[in-house]
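Student: Take this structure, written in structure tokens, and hold onto it; I'll ask about it next.
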Amino acid sequence: MEKNLKKQMDVIMLGTEDILIEEELECIVKKSIEEDKPLKVKLGLDPTSPDIHLGHTVVLNKLRQFQDLGHRAILIIGDYTARIGDPSGRSILRPELSAEDIDSNARTYMKQAFKILDPGKTEVVKNSNWLKSLRFEDILNLTSKFTVARMLERDDFKKRFKSNTPIAIMEFLYPIMQAYDSIAIEADVELGGTDQRFNLLMGRELQKEFSQKPQIAITMPILVGTDGIEKMSKSFGNYIGVDEPPQEIFGKVMSIQDNIMIDYFRFVTTLDSEEIREIEYNIKKEKLNPSIAKRKLAKIIIENLYTINDALEAEEDFDLIFKKKGIPDKVEEYIINLKSIKNKKISLVQLLTDSGLTKSNSEARRLVAQGGIKINDRKINDPNLELNLNDINEKVIQRGKRHFRKIITKN
RNA sequence: GGAGGGGUGCCCGAGUGGUUAAAGGGAGCAGACUGUAAAUCUGCCGGCGAAUGCCUACAGAGGUUCAAAUCCUCUCUCCUCCA
């Protein structure tokens, strides 16, 4: 364990949004060093979707830092809470998930989370372990500790209440369940996004009721999605998944709006704040081209999730496609069986749809008319073009800038 | 239990008998430009078809009408308020 209190605190504080309560934190860190007893740091993830994205990594990185300092990382898979769905920041009740979905999500979650965490040092537990066996009596006891007024202090509940949007009783139970998790594992620290603030504080309160030492709540900033507006989330479709191929990550990072780039540097990379400030300054003074900075960002992100080589390769592919407007080496193939085609002719429109480049013939026709289709880099303008199968073997059809298909004819 | 308000294309949302494949916005796709899959601008954006065109579509099922997303009946479903 890292023995220097100041060093520990510096690492812990880095990039946090808020710490409740900082003095207490310093106190327990100090004690843990003195007694050589690592802190239990809790992070709960609800497997409501199968993929972990960069937004999750903000908080996962923090947990990793705790691990590296020698503390105990306890990852709680919220398989039970996922059934309700965290109402945080939501304006409507979530749909319920089936047990099977939750299970399979949980599996990919763990696999992906270990891209960030040290698998050997992570304790993983499912909260169904303890939540499932609670009796109604226990739940009554838990709920008796809180009031409706207290619940309505939470912003999203308050808004919904005021605007007459329904709040299911079950949703009130969510923060209580999460708080109970803290009791079950006797958490010293709990991590979460800023939207988790209320839930984390509930943990503190409930722990006090159960005569435990209240946990320290550390909140991390919420990462905005690739659209630059909403928070990153699967349901908004504005996310960059940690399991996506490097090329895809590179492209998506390049596609974020310039003005949110610095946030990404801050929240998902471990560059020190000096360096980030310099990048910000240089972009502002036009000494640094934003696209160069974004490249750097993309490479750092890929390197963290994969390897430096993957990052460089992704960059090369990107340049090939967008700078030189070329065709990448690896192109998905589409095989045509010559026998199945009469008189060895096929219309371009049909071929586009068959090969999956377009969803329908109508779409294909439109794209051709708009100049969005190329064969071996030559633009095609005729929507009624008939292709002779003998001529198109090994040729690459391209839709837009970045969708390719190599045609292979076979007997 | 009572009263009332909704369900429209991927999403949001307008439309209350006919130029309605359905305004507008968002998302998406393409083109131009560029420093990038940024921003901006332009176009497209149900399916089939070479095409005049045809088919499918406004929760579902019937009905009225020359004509219905729009009117009527029933069904399903969501929500709000009162109790």
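The values are calculated or read from the model by the stated rules, or taken from the named source; none is laboratory data. As the structure is a computational prediction, the values presented were derived from the model and not from experiment. Cβ placement follows ideal geometry from the backbone for every residue including glycine, while neighbour counts extend to all protein chains displayed. Quick note on the areas: whole protein, heavy atoms, side chains included, nothing else; ligands and nucleic acids left out. Shrake-Rupley method; radii C 1.70, N 1.55, O 1.52, S 1.80 Å.
Student: A:Glu186 fails exactly one of the following numbered conditions: (1) touching a Gly at 6+ places or on another chain (Cβ under 7 Å); (2) open to solvent by 10 Å² or more (accessible area, probe 1.4 Å). What is the number of that condition?
Tutor: With respect to (1) touching a Gly at 6+ places or on another chain (Cβ under 7 Å); (2) open to solvent by 10 Å² or more (accessible area, probe 1.4 Å), A:Glu186 is out only on (1).
Student: Scan segment A:49-81 for residues that are hydrophobic (A, V, I, L, M, F, W, C), over 18 Å from the mean Cα position of the chain (by Cα) and not in a loop (DSSP other than H, G, I, E, B) and report the count.
Tutor: Taking segment A:49-81 as the starting set, the residues that turn out to be hydrophobic (A, V, I, L, M, F, W, C) are A:52, A:54, A:58-60, A:63, A:66, A:69, A:73-77.
From what is left, the residues that are over 18 Å from the mean Cα position of the chain (by Cα) are A:66, A:69, A:73-74.
Next, from what is left, pick out any that are not in a loop (DSSP other than H, G, I, E, B): A:66, A:73-74.
Within segment A:49-81, residues that are hydrophobic (A, V, I, L, M, F, W, C), over 18 Å from the mean Cα position of the chain (by Cα) and not in a loop (DSSP other than H, G, I, E, B) number 3.
Student: Let me ask something additional. If you scan segment A:322-341, which residues turn out to be open to solvent by less than 100 Å² (accessible area, probe 1.4 Å) and within 14 Å of RNA strand B (Cβ to nearest atom)?
Tutor: The initial filter retains those residues of segment A:322-341 that are open to solvent by less than 100 Å² (accessible area, probe 1.4 Å), namely A:322, A:326-328, A:331, A:334-338, A:340-341.
Listed by number, the residues that qualify are A:Phe322, A:Gly326, A:Ile327, A:Pro328.
Student: Moving on. With the requirement that a residue be within 13 Å of RNA strand B (Cβ to nearest atom) and surrounded by fewer than 17 Cβ atoms within 10 Å (Cβ to Cβ), what does segment A:264-284 give you?
Tutor: Keep residues of segment A:264-284 that are within 13 Å of RNA strand B (Cβ to nearest atom), which gives A:264, A:279, A:282-284.
Residues satisfying the conditions are A:Asn282, A:Lys284.
Student: Among the residues of segment A:342-371, count how many are small (Gly, Ala, Ser), surrounded by 18 or more Cβ atoms within 10 Å (Cβ to Cβ) and either near RNA strand B (Cβ under 9 Å from one of its atoms) or farther than 20 Å from A:Lys395 by Cα (or both). Break it down into steps so the answer makes sense when it comes.
Tutor: In the first step, residues of segment A:342-371 are kept if they are small (Gly, Ala, Ser); the result is A:347, A:355-356, A:360, A:362, A:364, A:369, A:371.
In the following step, the residues that additionally are surrounded by 18 or more Cβ atoms within 10 Å (Cβ to Cβ) were identified as A:355, A:364.
In the following step, the residues that additionally are either near RNA strand B (Cβ under 9 Å from one of its atoms) or farther than 20 Å from A:Lys395 by Cα (or both) were identified as A:364.
Total satisfying the criteria: 1.
Student: Would you be able to say whether some residue in segment A:113-125 is buried (at least 20 other Cβ atoms within 10 Å of the Cβ), touching a strand residue (DSSP E or B) at 6+ places or on another chain (Cβ under 6 Å), modelled with pLDDT of 90 or more and under 27 Å from A:Lys31 (Cα atoms)?
Tutor: no
Student: To continue, here is another question. Among the residues of segment A:398-410, are any farther than 23 Å from A:Gly251 by Cα, exposed (fewer than 15 other Cβ atoms within 10 Å of the Cβ) and at pLDDT below 90? First the steps, then the outcome.
Tutor: Taking segment A:398-410 as the starting set, the residues that turn out to be farther than 23 Å from A:Gly251 by Cα are A:407-410.
In the following step, the residues that additionally are exposed (fewer than 15 other Cβ atoms within 10 Å of the Cβ) were identified as A:408, A:410.
Imposing the further condition that a residue be at pLDDT below 90 reduces the set to A:410.
Checked against the condition, which is being farther than 23 Å from A:Gly251 by Cα, exposed (fewer than 15 other Cβ atoms within 10 Å of the Cβ) and at pLDDT below 90, segment A:398-410 yields at least one hit.
Student: Still on this structure, I have one more. Please report, ordered by residue number, the helices (runs of 4 or more DSSP H) entirely within segment A:128-172 with at least 1 residues that are exposed (fewer than 10 other Cβ atoms within 10 Å of the Cβ). Step through it out loud before you land on a result.
Tutor: Working: elements: A:128-131, A:136-143, A:148-151, A:155-162.
So the answer is A:136-143, A:148-151, A:155-162.
Student: Check A:Val349 against each of (1) farther than 27 Å from A:Gly251 by Cα; (2) at pLDDT below 90 and name the one condition it does not meet.
Tutor: Evaluating A:Val349 over (1) farther than 27 Å from A:Gly251 by Cα; (2) at pLDDT below 90 leaves (2) as the failure.
Student: Filter segment A:308-321 down to residues that are surrounded by fewer than 16 Cβ atoms within 10 Å (Cβ to Cβ) and either outside any helix (DSSP H, G or I) or among the β-branched types (Val, Ile, Thr) (or both), then give me how many there are.
Tutor: Filtering segment A:308-321 for residues surrounded by fewer than 16 Cβ atoms within 10 Å (Cβ to Cβ) gives A:308-309, A:312, A:316, A:319-320.
Restricting the remaining residues to those that are either outside any helix (DSSP H, G or I) or among the β-branched types (Val, Ile, Thr) (or both) gives A:308.
Within segment A:308-321, residues that are surrounded by fewer than 16 Cβ atoms within 10 Å (Cβ to Cβ) and either outside any helix (DSSP H, G or I) or among the β-branched types (Val, Ile, Thr) (or both) number 1.
Student: While we're here: When residues of segment A:27-68 are filtered for being open to solvent by less than 10 Å² (accessible area, probe 1.4 Å) and free of Cβ contacts under 8 Å to residues at least 12 places away in the same chain, how many remain?
Tutor: 0
Student: Among the residues that make up segment A:252-270, is at least one of them out of contact with any His (no Cβ under 7 Å at 6 or more places or on another chain), of a type in the set (A, V, I, L, M, F, W, C) and closer than 28 Å to A:Leu39 by Cβ? Step through it out loud before you land on a result.
Tutor: Step one: filter segment A:252-270 for residues out of contact with any His (no Cβ under 7 Å at 6 or more places or on another chain), giving A:252-270.
Narrowing further to those that are of a type in the set (A, V, I, L, M, F, W, C): A:253-254, A:256, A:260-262, A:265, A:267-268.
Subsequent filtering for residues that are closer than 28 Å to A:Leu39 by Cβ retains A:267-268.
Yes, the conditions are met somewhere in segment A:252-270.
Student: If a residue has to be basic (Lys, Arg) and touching a residue at least 24 places away in the same chain (Cβ under 8 Å) to count, how many in segment A:360-393 make the cut? It would help to see each step written out before you state the result.
Tutor: Of the residues in segment A:360-393, the ones basic (Lys, Arg) are A:365-366, A:374, A:378-379.
With touching a residue at least 24 places away in the same chain (Cβ under 8 Å) added as a condition, the list becomes A:374.
Of the residues in segment A:360-393, 1 are basic (Lys, Arg) and touching a residue at least 24 places away in the same chain (Cβ under 8 Å).
Student: Still on this structure: Return the total of residues in segment A:230-251 being surrounded by 15 or more Cβ atoms within 10 Å (Cβ to Cβ), over 10 Å from A:His53 (Cβ atoms) and near RNA strand B (Cβ under 9 Å from one of its atoms).
Tutor: Within segment A:230-251, residues that are surrounded by 15 or more Cβ atoms within 10 Å (Cβ to Cβ), over 10 Å from A:His53 (Cβ atoms) and near RNA strand B (Cβ under 9 Å from one of its atoms) number 4.
Student: For A:Asp138, all conditions in the list (1) charged (D, E, K, R); (2) out of contact with any helix residue (DSSP H, G or I) (no Cβ under 6 Å at 6 or more places or on another chain); (3) modelled with pLDDT under 90 hold save one; what is the number of the exception?
Tutor: Failed condition: (3).
Student: Residue check, A:Glu205 against (1) within 16 Å of RNA strand B (Cβ to nearest atom); (2) surrounded by fewer than 22 Cβ atoms within 10 Å (Cβ to Cβ), all met but one. Which one?
Tutor: Status for A:Glu205: all satisfied but (1).
Student: Determine which single condition A:Asp258 fails, assuming it passes every other condition in (1) under 15 Å from the mean Cα position of the chain (by Cα); (2) open to solvent by 60 Å² or more (accessible area, probe 1.4 Å).
Tutor: Evaluating A:Asp258 over (1) under 15 Å from the mean Cα position of the chain (by Cα); (2) open to solvent by 60 Å² or more (accessible area, probe 1.4 Å) leaves (1) as the failure.
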